[in-house]
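The values are calculated or read from the model by the stated rules, or taken from the named source; none is laboratory data. What you are looking at is a predicted structure, and each value in this text was computed from that prediction instead of being measured. Positions of Cβ are generated from backbone atoms using ideal geometry, with glycine treated the same way; all protein chains shown enter the neighbour counts. Calculation scope for accessible area: heavy atoms of the full protein, side chains included, ligands and nucleic acids excluded. Shrake-Rupley method; radii C 1.70, N 1.55, O 1.52, S 1.80 Å.
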Amino acid sequence: MIIISSRRTFDDPDNLSTDGHHIREIDLANNSVVRDLTMPNLIAQIQGKKVLVLVHGYNNEQFEVYDAYQIIEDKVQALTPGAYDFVIGYSWPGGDRGLEWWQGKSRANAVARLFHSLIEEMSNSAAFVDLMSHSLGARVSLKALKESQVQAVVRNYFCTAPAVDNECLEVGEEFSEAVPSCGRLFVFHSARDGVLRVSYEAAEWDRALGLYGPEDKDYISRKARTIYVANCKKIVGNHGGYKRADAVYKYIGAYQTVDLAIFLWTPGSLSGLP
């Protein structure tokens, strides 16, 4: 898998790179480096291709990022055949300890300034770029999309267990300006997510988008015409459960061909497509 890292020395969990992104092809079977790539190498490789970019969350050593990305890549290939030519992993300094939420959140904001330029450059070359984030990776992704000046710079954004405020997509809220940068934005949430229910609420004194979905569901259903909401309570029982849930990938696969003009919102359970 191609890994694009904004970590200092490629794998430092706590510090942001001081000289931009570093790109390597990694053999995820043994975490070994196959080769180093330049940005022009990457752009040439994805020219005209269908690309899915993965963004991990808070508190991950590099080997844990690789393990998660291997699971996701295998599931994508098995359950959404032909949907993507490349699954590319993004690695950012989200920390490696459970008690540094505010430092991780601050770095997520800082990383977004690098990430939005990367996504724009990739989008200019690829047939399309889809984005999948987990947990605090939603802050990296949404802030980057908010800062992008390109309409629908990503085709689909699949946002699993988002560790951001449950009001943040509403008009005038923190990430409302990110919505036009997505062709479609999918929020995957589960009320059985103990990390968001306990740890996020203890840190933020607020409710996470990834727990019960958007606070104003009426606004989402009536006005937010490109936001979909998928309730994953029946199939995801913990914070990290999305990457192993086959139904999530089947849902994503179904939306590779669904016409946006026909299906505008997905209420209720993930078990039923619209």
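Taken over segment 199-233, the residue count meeting the criterion of being open to solvent by 80 Å² or more (accessible area, probe 1.4 Å) and either modelled with pLDDT of 95 or more or within 17 Å of the chain's Cα centre (by Cα) (or both) is 3.
So if I check each of ARG97, ARG24, ARG35, which one is of a type in the set (Lys, Arg), free of Cβ contacts under 8 Å to residues at least 12 places away in the same chain and either surrounded by fewer than 21 Cβ atoms within 10 Å (Cβ to Cβ) or outside any loop (DSSP other than H, G, I, E, B) (or both)?
Values: ARG97 fails: free of Cβ contacts under 8 Å to residues at least 12 places away in the same chain; ARG24 fails: free of Cβ contacts under 8 Å to residues at least 12 places away in the same chain.
Just one listed residue meets the conditions, ARG35.
Within segment 187-198, being open to solvent by less than 10 Å² (accessible area, probe 1.4 Å) and out of contact with any strand residue (DSSP E or B) (no Cβ under 7 Å at 6 or more places or on another chain) holds for SER190, ASP193. Of all residues in segment 204-222, those satisfying the criterion of being among the charged types (D, E, K, R), over 16 Å from SER135 (Cα atoms) and either without any contact (Cβ under 8 Å) to a residue 12 or more places away in the chain or in contact with a strand residue (DSSP E or B) (Cβ under 8 Å, 6 or more places away or on another chain) (or both) are LYS217, ASP218, ARG222.
Take segment 152-174 and flag every residue that is outside any loop (DSSP other than H, G, I, E, B) and among the polar types (S, T, N, Q).
Of segment 152-174, the ones outside any loop (DSSP other than H, G, I, E, B) are 154-160, 165.
Hits for segment 152-174 are ASN156, THR160.
Looking only at segment 49-69, count every residue that is open to solvent by less than 50 Å² (accessible area, probe 1.4 Å), over 22 Å from LEU145 (Cβ atoms) and not hydroxyl-bearing (Ser, Thr, Tyr) and tell me the total.
1
Among the residues of segment 120-151, those identified as touching a residue at least 40 places away in the same chain (Cβ under 8 Å), crowded, with 22+ Cβ neighbours inside 10 Å and either out of contact with any Gly (no Cβ under 9 Å at 6 or more places or on another chain) or outside any helix (DSSP H, G or I) (or both) are MET122, ALA126, VAL129, ASP130, LEU131, MET132, SER133, HIS134, SER135, LEU136, SER141. Counting residues in segment 68-76 that are outside any helix (DSSP H, G or I) and β-branched (Val, Ile, Thr) gives zero.
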